[in-house]
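The values are calculated or read from the model by the stated rules, or taken from the named source; none is laboratory data. Computed from a prediction, not measured in an experiment: that's the story for all the values here. A quick note on method: Cβ atoms are made from the backbone with ideal geometry, for glycine too, and the neighbour counts reach across all protein chains shown.
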């Protein structure tokens, strides 16, 4: 389940015991409006399951999924009174100029229902697909892995006010994997950490978006108490140099598997905790993947997609299939062994 969140058979006991029911949730996002912004990012902390409050003009409240776009890759989203980080709404261009937008976690609707009390994440992935014309494809992407909360948005301990956020160029400098945007669907997979096993409710979040009020000089987006104590990590994609035009050429599919516990008012019986494994299997699974499948957290969505892309690129460039394999390193982009999907 860790290696292949989108397709693996859901099995209990990844954290050693079973306390709830398993589910897989999904959401799809793209930057609305015209595409005048040529760079940006999408960053997600899947250990939380919240969503911001849409006030009709701005977002505020708990958030764990942020996106941003701009014309300048060196620009860092603003976090100041009147322009809180993440306050842009999903229906507006992602951070069109000043700051970042916040989106609903794929599990937000599930957690907001009357039947669910809380949940803990097992695994998740983000798929990035380029939907523009092949002949006009351009730009560069990088995969962001395990970005600490303090790196996304830190707090000034002397005043309590949040400090500046991170820019697209800074994400590229931190990233170890990058490449050219094209027709392949890229997939980034989350790495569970020591706090991933904690059950969290709908109101829990790593960051709380300020309400954009000018009455309080520190009414900005800040780390929550949970965020400060646990310092969860974010992951996702950043991009720059994409072609401007009438439509944003990137689509993001977010998938998360989780274990949830029923609410007392749901009428569902509460299953007592059941020990399945002697200890948590998370560290063993991640260690096995790191040793035997280097780069498993950033790959092509499937080898079939890679093959179709190769053929299309060959048709446009006139390069033979075998030569294209060598140029693209196709052999290194094969799908994970089926056995690993059970991890």
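For this structure, a couple of remarks:
- Applying a threshold of 7 Å to beta carbon distances and a minimum spacing of six or more residues, or different chains, the list of pairs starting in region 292-310 at a residue that is on the phi > 0 side of the Ramachandran plot and part of a strand (DSSP E or B) and ending at one that is exposed (fewer than 15 other Cβ atoms within 10 Å of the Cβ) and at pLDDT below 50 is empty.
- Total residues in region 2-50 satisfying the condition of being under 18 Å from residue 198 (Cα atoms) and crowded, with 22+ Cβ neighbours inside 10 Å: the figure is 9.
- Considering (1) within 20 Å of the chain's Cα centre (by Cα); (2) at pLDDT 90 or above; (3) closer than 21 Å to residue 99 by Cα, the lone condition that residue 257 does not fulfil carries the number (3).
- Among strands (runs of 3 or more DSSP E) entirely within region 161-217, having at least 1 residues that are at pLDDT 85 or above and under 30 Å from residue 18 (Cα atoms) singles out 186-189, 207-209.
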